[in-house]
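What follows is calculated from the coordinates using simple rules that are stated; it is not laboratory data. A quick note: this is a predicted structure, and the numbers were derived from the prediction, not measured. Every residue, glycine as well, gets a Cβ built from its backbone with ideal geometry; the counts of neighbours run over all protein chains shown.
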Amino acid sequence: MPVDDPQRRRADTSRAKEVLQWQPQYGVREGVREMVKWVLRCVEEATLTVQVLQLAAPTGQDLGHTQVAQHAQHVTRSTRASGG
């Protein structure tokens, strides 16, 4: 890092508050926690999509993006409903 690079950063959101009437909804810890949960959901959905594609591959079935997404959503709902 450059010598004059600050070791600690803190965003100045005053302009966003002024112009957009916006302010953060979460503190840093809660924001990071929410971000991690979001990333884990994305990984889970991507994993399910890959699994669906792998299941379809041996049959030679060509699934379109919409079918893959619908099947992944169905599997996700089923998994969550069963507590998995």
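Provide the FRET efficiency to the nearest 0.05 for the R33-V3 pair, computing r from the beta carbons and using R0 = 41 Å. Once the sixth-power term is evaluated, E becomes 0.75. The modelled label-to-label distance between V50 and Y26, using points 7 Å beyond Cα along the C-beta direction, is 2.4 nm. Taken over the alpha carbons of region 1-58 as equal point scatterers, the Debye sum produces base-10 log I(q)/I(0) values at 0.16, 0.19 Å⁻¹ of -0.77, -0.86.
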